[in-house]
1. Is at least one residue of the range 90-99 more than 9 Å from the ligand (Cβ to nearest atom) and in contact with a Cys (Cβ under 7 Å, 6 or more places away or on another chain)?
2. List every residue pair whose Cβ atoms lie under 7 Å apart, where the two residues are 6 or more positions apart in sequence or sit on different chains, the first residue falls within the range 51-68 and is in contact (Cβ under 8 Å) with a residue 12 or more places away in the chain and of a type in the set (Lys, Arg), and the second residue, located anywhere, is open to solvent by 50 Å² or more (accessible area, probe 1.4 Å) and more than 14 Å from the ligand (Cβ to nearest atom).
3. Being modelled with pLDDT of 90 or more and farther than 21 Å from TYR90 by Cα is the filter; apply it to the range 26-73 and report the residue that is farthest from the ligand (Cβ to nearest atom).
4. Before we move on, is LEU80 away from the ligand (no atom under 14 Å from the Cβ), loosely packed, with under 14 Cβ neighbours inside 10 Å and of a type in the set (A, V, I, L, M, F, W, C)?
5. Which ones in the range 52-88 are farther than 24 Å from PRO24 by Cα and not in a helix (DSSP H, G or I)?
6. Which members of the range 13-25 meet the condition of being open to solvent by 70 Å² or more (accessible area, probe 1.4 Å) and either at pLDDT 70 or above or under 19 Å from the mean Cα position of the chain (by Cα) (or both)?
Amino acid sequence: MDDTEEDPFLAKLSFEQGGSDFVPVVVNRSVLRSMSRRDVLIKRWPKPLQWEYYRSLLPDVSITMCSSCFQMFHSEDYELLVLQHNCCPYCRRPIDEPN
Ligand SMILES: [Zn+2]
């Protein structure tokens, strides 16, 4: 099965990622709406910065993003480090419950 026909994001990605330089994929509202909320990670920077949107291309790899410093981690690593230190391993934000 050809996934790119099902997934407008992947279709755009394979079309635009020809060279070695990274080119952010820009999608319109309907494509964005078709994407699962779980697949999209948002860095909600405070103003005047613009929010950044990320989509994981590795569905088998669970990613956790710190809600304070917006660093991304493999969820397994993150949970282990949070259990060991009770804080984000990057910004040291205290964490009561891993989310
Ligand atoms: Zn953090």
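1. Checked against the condition, which is being more than 9 Å from the ligand (Cβ to nearest atom) and in contact with a Cys (Cβ under 7 Å, 6 or more places away or on another chain), the range 90-99 yields at least one hit.
2. Sorted first by the residue in the range 51-68, then by its partner, the pairs are ARG55/ASP39.
3. PRO48
4. Spelling it out, it is not the case that LEU80 is away from the ligand (no atom under 14 Å from the Cβ), loosely packed, with under 14 Cβ neighbours inside 10 Å and of a type in the set (A, V, I, L, M, F, W, C).
5. ASN86, CYS87, CYS88
6. Residues satisfying the conditions are SER14, ASP21, PHE22, PRO24.
The values are calculated or read from the model by the stated rules, or taken from the named source; none is laboratory data. Just so it is clear, the structure is predicted and the values come from calculations on it, not from any experiment. For neighbour counting, all protein chains shown are included, and Cβ atoms are generated from backbone atoms with ideal geometry for every residue, glycine included. Accessible surface is based on the protein model in full, side chains and every heavy atom, while ligands, DNA and RNA are left aside. Shrake-Rupley method; radii C 1.70, N 1.55, O 1.52, S 1.80 Å.
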